[in-house]
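The values are calculated or read from the model by the stated rules, or taken from the named source; none is laboratory data. Note that the coordinates shown come from a computational prediction; the quantities given were computed from them, not determined experimentally. Cβ: placed from backbone, ideal geometry, glycine included. Neighbour counts: every protein chain shown. For accessibility, only protein heavy atoms count, side chains too; no ligands or nucleic acids. Shrake-Rupley method; radii C 1.70, N 1.55, O 1.52, S 1.80 Å.
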Amino acid sequence: MKILVVGSGGREHTIVWKIAQSPKVDKIYCAPGNGGIAELAECVNVSATDIQGMVALAKEKAVDLVMVAPDDPLAMGMVDALEKEGIRAFGPRANAAIIEGSKAFSKELMKKYNIPTAAYEVFDDSAAAIAYIKEQNSFPTVIKADGLALGKGVIIAQDLAEAEEAVRDMIDGGKFGKSGSRVVIEEFLTGPEVSVLAFTDGKTVKPMVSAQDHKRAYDNDEGLNTGGMGTFSPSRLYDEAKQKECMENIFLPTIKAMSREGRPFKGVLYFGLMMTANGVKVIEYNCRFGDPETQVVLPRLKTDLVEIMEAIIDERLDEIEIEWEDNAAVCVVMASGGYPVSYEKGYEISGLDNAGDVIVFHAGTAVKDGKIVTSGGRVLGVTAVGANIDEARDKAYAAVGKISFKDEFHRSDIGIKKY
C-alpha cells in the first residue's frame, strides 16, 4: 500500500513511525511533514489545510489511503473532499469533526444526551457573558473560545477581573479570530485529568490505553497553558472500574448520540476526562489523535495500525481484536525558549544520534543545509518505553540530557504525578 499522512507535528511523526511498521505498507508520503518524518516518508510541501492540493497530491501519487491527522483539515472537510473523489480517507467527516470544531455544539450534545460534563452557558455578547459570570460569582471559572485555537483557547480565570479580560479579549478583541467570537463559560471542575483516545467506526468503540498530559509550561503545573509539555501512559488512576464507568456513561453514549444526530463519527475520538468527586466527567472532545498523547499510546500498540484504520473505514471494527503491550511510556517535550508565546527558530539540534534507547518524535523541526534545525515551539517529543512509568521516565530524561539546542527548555517532572 501507499499511504499519505496529513500534518507536520509530533503526532504525525508518531503515526508515520507506526504505519512504517506495517507489512502492508511499502511507501509513505507526508504533507507537509518535518525533519524527522523525512527519514521515514517522502515529505511533500502541501499545507495541511490545502484541501484541493491534498486531493491533487493523493491522485498524483495514486495513494491507497489518506490519514488526516490534524483538527483543522478535518473540521474543514478534507475527508469529505477525498471521499468525493473516490479516495479512501481515515478521519471523521466535517459534520462529525464539529464535536471538536465547536465547543458549544459538544456541550449541547452532552446536555441533550445526559453525558456527564460541567454546567455551562454560551455567549456571543461580552456584556451578557460578564453579567452571567458576576451572577454565578464562582471562581475559578473556565472561559473557552468556541472554535479551534491550537489548544490555547481556554482561560481559567481566578477572579472577576481575569474573567472580564478573557471575555473581552476573545469576543471584542478578536484574540482567537472567529474561533473566539462565541465563548463557552463553564463551571470549574476539580480532580485529576485523564486522556483516553478511542478507535470508532461509528458503531463500535474500542478505547486505547489511557494517558495523562502535562499542559502547563513549567514544573509543578506553573506557567501558561501549552499544547502539552509531556505525557505518560498508563494513567495511575484509570482502572477497570473507571473504564467500565466511562464506557457506559461517556464513550458509547457519545458515539450513539453522534449517530442519532446524523453525524456518525469514524476515526479516533479523544476524550478529555476529569475524575471528580461526583464521577468521571467530560472536559472536552477532540476529533483526532491527541498531541502529545499519541507519542505514548501508539508505541504501546501491538496490532497493525493500518489494519485498524482499514477496519474503521469499512465499518467492521467489531471484527478485529486490538492488543496492547503490558508496559508504560513517557514522553518529554523539548521546547523552544519563549514557547508558548514567541520564540526564535532555526537553531541546530545536536545529540539526536546518541540519544540511546528512546524514540525521538519530531514536532517542530526542519532540514537546513543537511542539518536538523528547530522550526516550532514544541520541537521534540523524547519518548521511552519501560516495564513501568518510573523506568520509562528515567530512560526518557537520560536521553533528554544528551540532546541540545539553543534556548531549549523542558519540564523535569513529567510522569511524577501520583494522582
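Give me the pairs, please: first residue somewhere in the range 196-215 and at positive phi, second residue anywhere and among the charged types (D, E, K, R) and open to solvent by 10 Å² or more (accessible area, probe 1.4 Å), beta-carbon distance under 9 Å, and either six or more positions apart or on two chains.
Listed by first residue and then by second, the contacts come to 202/266; 202/315.
If the requirement is being farther than 22 Å from residue 251 by Cβ and surrounded by 20 or more Cβ atoms within 10 Å (Cβ to Cβ), which of these qualifies: 54, 110?
Numbers: 110 fails: farther than 22 Å from residue 251 by Cβ.
Criteria check complete, one pass: 54.
Suppose we keep only residues that are farther than 20 Å from residue 223 by Cβ, without any contact (Cβ under 8 Å) to a residue 40 or more places away in the chain and not hydrophobic (A, V, I, L, M, F, W, C) within the range 137-183. Which one would you say is most open to solvent (accessible area, probe 1.4 Å)?
178
For the range 383-419, which residues satisfy the criterion of being in a helix (DSSP H, G or I) and surrounded by 15 or more Cβ atoms within 10 Å (Cβ to Cβ)?
389, 391, 392, 393, 395, 396, 397, 398, 399, 400
What are the residues in the range 361-382 that are open to solvent by 20 Å² or more (accessible area, probe 1.4 Å) and part of a strand (DSSP E or B), if any?
So the first thing to find is which residues in the range 361-382 are open to solvent by 20 Å² or more (accessible area, probe 1.4 Å), and the list is 363, 366-372, 375, 378.
Residues satisfying the conditions are 366, 367, 368, 371, 372, 378.
Of the residues that make up the range 31-50, is at least one within 30 Å of residue 187 (Cα to Cα), at pLDDT 95 or above and either assigned to a helix (DSSP H, G or I) or in contact with an Asp or Glu (Cβ under 7 Å, 6 or more places away or on another chain) (or both)?
Looking only at the range 31-50, we keep the residues that are within 30 Å of residue 187 (Cα to Cα), and these are none.
The answer is no; no qualifying residue exists.
Please indicate, with yes or no, whether at least one residue in the range 94-101 is in contact with an Asp or Glu (Cβ under 7 Å, 6 or more places away or on another chain), on the phi < 0 side of the Ramachandran plot and free of Cβ contacts under 8 Å to residues at least 24 places away in the same chain.
Within the range 94-101, one or more residues are in contact with an Asp or Glu (Cβ under 7 Å, 6 or more places away or on another chain), on the phi < 0 side of the Ramachandran plot and free of Cβ contacts under 8 Å to residues at least 24 places away in the same chain.
Would you point out the residue of the range 223-240, among those that are touching a strand residue (DSSP E or B) at 6+ places or on another chain (Cβ under 6 Å) and assigned to a strand (DSSP E or B), that is farthest from residue 91 (Cα to Cα)?
223
Take residue 105 and decide whether it is without any contact (Cβ under 8 Å) to a residue 60 or more places away in the chain and within 17 Å of residue 71 (Cβ to Cβ).
Details: without any contact (Cβ under 8 Å) to a residue 60 or more places away in the chain: yes; within 17 Å of residue 71 (Cβ to Cβ): yes.
Yes; evaluated as a whole, the condition is true for this residue.
Quick check on this structure: which one of 282, 209, 296, 268 is touching a Cys at 6+ places or on another chain (Cβ under 6 Å) and hydrophobic (A, V, I, L, M, F, W, C)? Before you say what the answer is, go through the steps one by one.
Details: 282 fails: touching a Cys at 6+ places or on another chain (Cβ under 6 Å); 209 fails: touching a Cys at 6+ places or on another chain (Cβ under 6 Å); 268 fails: touching a Cys at 6+ places or on another chain (Cβ under 6 Å).
Result: 296 is the single residue among 282, 209, 296, 268 that is touching a Cys at 6+ places or on another chain (Cβ under 6 Å) and hydrophobic (A, V, I, L, M, F, W, C).
Let me spell it out: the conditions are (1) open to solvent by less than 10 Å² (accessible area, probe 1.4 Å); (2) free of Cβ contacts under 8 Å to residues at least 40 places away in the same chain; (3) over 30 Å from residue 380 (Cβ atoms), and residue 81 meets all of them except one. Which number is the exception?
Going through (1) open to solvent by less than 10 Å² (accessible area, probe 1.4 Å); (2) free of Cβ contacts under 8 Å to residues at least 40 places away in the same chain; (3) over 30 Å from residue 380 (Cβ atoms) one by one, residue 81 breaks only (1).
Return a yes/no flag: does the range 43-55 have any residue that is touching a residue at least 24 places away in the same chain (Cβ under 8 Å), more than 23 Å from the chain's Cα centre (by Cα) and farther than 30 Å from residue 285 by Cα. Break it down into steps so the answer makes sense when it comes.
Just the residues of the range 43-55 that are touching a residue at least 24 places away in the same chain (Cβ under 8 Å), to begin with: 48-49, 51-52, 54-55.
Checking which are more than 23 Å from the chain's Cα centre (by Cα) leaves us with 52, 55.
From the residues that got through so far, the ones that are farther than 30 Å from residue 285 by Cα too are none.
Checked against the condition, which is being touching a residue at least 24 places away in the same chain (Cβ under 8 Å), more than 23 Å from the chain's Cα centre (by Cα) and farther than 30 Å from residue 285 by Cα, the range 43-55 yields no hits at all.
Among the residues of the range 118-133, is any touching a Pro at 6+ places or on another chain (Cβ under 9 Å), in contact (Cβ under 8 Å) with a residue 40 or more places away in the chain, open to solvent by 10 Å² or more (accessible area, probe 1.4 Å) and among the aromatic types (Phe, Trp, Tyr)?
no
Would you confirm whether any residue within the range 70-86 is over 30 Å from residue 228 (Cα atoms) and part of a loop (DSSP other than H, G, I, E, B)?
Yes, that holds for at least one residue.
What number of residues in the range 134-158 are over 21 Å from residue 281 (Cβ atoms) and not in a loop (DSSP other than H, G, I, E, B)?
Result for the range 134-158: 2.
Considering (1) over 17 Å from the mean Cα position of the chain (by Cα); (2) over 29 Å from residue 201 (Cα atoms), say which one residue 326 fails and leave the rest.
The number of the failed condition is (2).
Go through 124, 169 for me and flag whichever is among the charged types (D, E, K, R), at pLDDT below 95 and closer than 22 Å to residue 227 by Cβ. Steps first, please.
Working: 124 fails: closer than 22 Å to residue 227 by Cβ.
Matching residue, one of 124, 169: 169.
Do any strands (runs of 3 or more DSSP E) lying entirely in the range 241-340 carry at least 2 residues that are closer than 19 Å to residue 417 by Cβ and open to solvent by less than 20 Å² (accessible area, probe 1.4 Å), and which ones are they?
Working: elements: 267-276, 279-286, 328-336.
Answer list for the range 241-340: 267-276, 328-336.
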